[in-house]
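**Student:** Below you will find the structure I want to go over with you.
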Amino acid sequence: MSGAAQIRTLTTPQELFAAAAEEVIRATTEAVAQSGRFTIALSGGSTPRSMFNLLATNAKSTLPWDSMFFFWGDERHVPPSDPQSNYRMANEAMLSKVPVPAGNIFRIPTENPDAVAAAAAYEETLRKFFAVGPKEIPRFDLILLGMGPDGHTASLFPGTAALQEKSRLVIANWVEKMKTSRLTLTLPVLNAARCVAFLVSGSDKAPALHEVLEGTAPPDQYPAKLVSPTDGKLLWLIDRAAASELSGAR
Ligand code: 6PG
């Protein structure tokens, strides 16, 4: 099923968030029909917040929340109560407002001051939940990703060690320019997903998006280029501002 990326340009950020919410609903319905459950890794940053709000408002009574299992693609090395926490954002915008069992929510244990230990603990959580052995890679139904103006995605930043990781599922990735470690799923996990959906909004993302979708720079300078599901769908949901430097401004 892998093949060319599907790129959908929406006129406004609001249309982008609505299209993203539809994609989550579509993927949930499909997965629950096929396997009785839906597994999703959430992205962080600011872009997904409005989409989370939409799901909590419009799909509160329609989505099978008790069959949905929530994980994170990456996390800042801060406690879950911290304003920087991706878990906190998703919880405030959606998870605390919908009837999802607490046992279906698997956040990255970033209250652990030892980032390497936190990454190892989350890898164990994934291996146990997906029942995969040491050499196997779990397959998410849907992984949501964003992209930074520097072309990073999840917490896979340009030129960082995590880009080379081939076997671990979760890594504490030191990001020199932020002088901090970020916890992130690795490329083997992202590329094993059934579907990866990028949400990219805003003109500040346009130069990097042009480079990622049409440019020739080495992938480790724009890590979003390294995301290409081996046997899955790759969907880019972008708004017109972010698409402004693409050829023919799709
Ligand atoms: C994070 C994210 C990161 C994010 C991009 C885009 O923890 O920051 O997971 O990869 O998706 O930085 O962030 P914005 O949506 O805030 O532009």
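The values are calculated or read from the model by the stated rules, or taken from the named source; none is laboratory data. No experiment lies behind these values; they were computed from the predicted model shown. Quick reminder, even Gly has a Cβ in these numbers, built from the backbone with ideal geometry, and neighbours come from all protein chains shown.
**Student:** Determine, yes or no, whether Phe17 is among the aromatic types (Phe, Trp, Tyr) and either more than 16 Å from the ligand (Cβ to nearest atom) or more than 30 Å from Trp174 (Cβ to Cβ) (or both).
**Tutor:** For Phe17, the condition - among the aromatic types (Phe, Trp, Tyr) and either more than 16 Å from the ligand (Cβ to nearest atom) or more than 30 Å from Trp174 (Cβ to Cβ) (or both) - is met.
**Student:** Do any residues in region 38-54 that are farther than 23 Å from Ser203 by Cα have Cβ atoms under 6 Å from those of residues that are of a type in the set (Asp, Glu) and more than 9 Å from the ligand (Cβ to nearest atom), where the two are at least six apart or on different chains, and which pairs are they?
**Tutor:** Sorted first by the residue in region 38-54, then by its partner, the pairs are Phe38/Asp141; Thr39/Asp141.
**Student:** Give me the pairs, please: first residue somewhere in region 191-217 and free of Cβ contacts under 8 Å to residues at least 60 places away in the same chain and aromatic (Phe, Trp, Tyr), second residue anywhere and within 13 Å of the ligand (Cβ to nearest atom) and assigned to a strand (DSSP E or B), beta-carbon distance under 6 Å, and either six or more positions apart or on two chains.
**Tutor:** Cβ pairs passing all conditions: Phe198/Leu145.
**Student:** Here's another thing I want to ask about it. Within region 231-250, does at least one residue satisfy the condition of being modelled with pLDDT under 95 and charged (D, E, K, R)?
**Tutor:** Yes, the conditions are met somewhere in region 231-250.
**Student:** Hey, another quick one. In region 178-219, what count of residues is obtained for those that are within 15 Å of the ligand (Cβ to nearest atom), within 27 Å of Asp114 (Cα to Cα) and part of a helix (DSSP H, G or I)?
**Tutor:** Total satisfying the criteria: 4.
**Student:** Can you confirm whether region 153-167 contains a residue that is more than 30 Å from His210 (Cβ to Cβ), touching a residue at least 60 places away in the same chain (Cβ under 8 Å) and in a loop (DSSP other than H, G, I, E, B)?
**Tutor:** Looking only at region 153-167, we keep the residues that are more than 30 Å from His210 (Cβ to Cβ), and these are 167.
From what is left, the residues that are touching a residue at least 60 places away in the same chain (Cβ under 8 Å) are none.
Within region 153-167 (the criterion being more than 30 Å from His210 (Cβ to Cβ), touching a residue at least 60 places away in the same chain (Cβ under 8 Å) and in a loop (DSSP other than H, G, I, E, B)), the answer is no, since none of the residues qualifies.
**Student:** Read through the list (1) surrounded by fewer than 19 Cβ atoms within 10 Å (Cβ to Cβ); (2) touching a helix residue (DSSP H, G or I) at 6+ places or on another chain (Cβ under 8 Å), then give the number of the only condition that Ala172 fails.
**Tutor:** That leaves (1) as the condition not met.
**Student:** Now for a separate question. Being hydrophobic (A, V, I, L, M, F, W, C) and either without any contact (Cβ under 8 Å) to a residue 12 or more places away in the chain or closer than 24 Å to Gln14 by Cα (or both) is the filter here, so list the residues in region 55-84 that pass it.
**Tutor:** Leu55, Ala56, Ala59, Leu63, Trp65, Phe70, Trp72
**Student:** Every residue in region 140-164 that is more than 14 Å from the ligand (Cβ to nearest atom) and under 16 Å from Asp74 (Cα atoms), please.
**Tutor:** Phe140, Leu142, Ala161
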